[in-house]
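Trainee: First, the structure itself, so that you have it in front of you.
The values are calculated or read from the model by the stated rules, or taken from the named source; none is laboratory data. Since the structure is predicted, the reported quantities are computational estimates derived from the model, not experimental observations. Cβ placement follows ideal geometry from the backbone for every residue including glycine, while neighbour counts extend to all protein chains displayed. When the accessible area is computed, the model is the full protein with side chains, heavy atoms only, and any ligands, DNA or RNA have been set aside. Shrake-Rupley method; radii C 1.70, N 1.55, O 1.52, S 1.80 Å.
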Amino acid sequence: MGIEILTEEQFRQLQKLGKFDAKTSSWLETPPEIRKLGGAIFGDFRYGQVFIYHNGADSYYGARGFRGSLRI
């Protein structure tokens, strides 16, 4: 489809447009060296601040989706 998962920097820029993931969190593009070790990163927006976390890539959280961008 051409959709790319947002990077950490893109996620931070997105928060300047509105309050996204204020009650949820979203998986973000994870650097290859972290993925090779089985990790993944995700972000959310709490207390007026963007937070970036890590977890195992095989973790499942029902409220966590993905943020992506589509260039036309």
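Trainee: Are there trypsin sites (Lys or Arg not before Pro) in segment 17-72 that DSSP marks as loop and that have at most 11 other Cβ atoms within 10 Å, and which are they?
Mentor: Lys19, Lys23, Arg71
Trainee: Another question about this same structure. Charges on Cβ only, +1 for Lys and Arg, -1 for Asp and Glu, centred on the Cα centroid of the chain; of Ser59, Gln13, Trp27, which one is farthest towards the dipole's positive end?
Mentor: Gln13
Trainee: Between Gly39 and residues 5 or more places away or on another chain, which pairs have amide H atoms under 5 Å apart, with H built 1.01 Å from N, and which residues are they?
Mentor: Answer set, sorted by chain and number: Ala57.
Trainee: How much of the accessible area of the chain, in percent, comes from carbon and sulfur atoms when a 1.4 Å probe is used?
Mentor: 56
Trainee: Now for a separate question. Less than 15 Å apart at the alpha-carbon level, and either on another chain or at least 8 residues along: which aspartates and glutamates does that give for Lys19?
Mentor: Cross-link targets: Asp44.
Trainee: For the chain, rounded, prolate or oblate, judged on the Cα gyration tensor with a ≥ b ≥ c (square roots of eigenvalues), a/c < 1.5 rounded, else prolate if a/b > b/c?
Mentor: oblate
Trainee: 5 Å is the cut-off here: which amide hydrogens, built 1.01 Å from N in the peptide plane, fall below it relative to Gly68, excluding neighbours closer than 5 in sequence?
Mentor: Answer set, sorted by chain and number: Leu6.
Trainee: Using only alpha carbon pairs under 8 Å that are at least six residues apart, calculate the relative contact order of the chain and give it in whole percent.
Mentor: The value is 38 percent.
Trainee: Then there is this: Need the full-extension length gain, Thr7 to Phe66, defined as separation in residues times 0.36 nm minus the C-alpha distance. One decimal, nm.
Mentor: 20.2 nm
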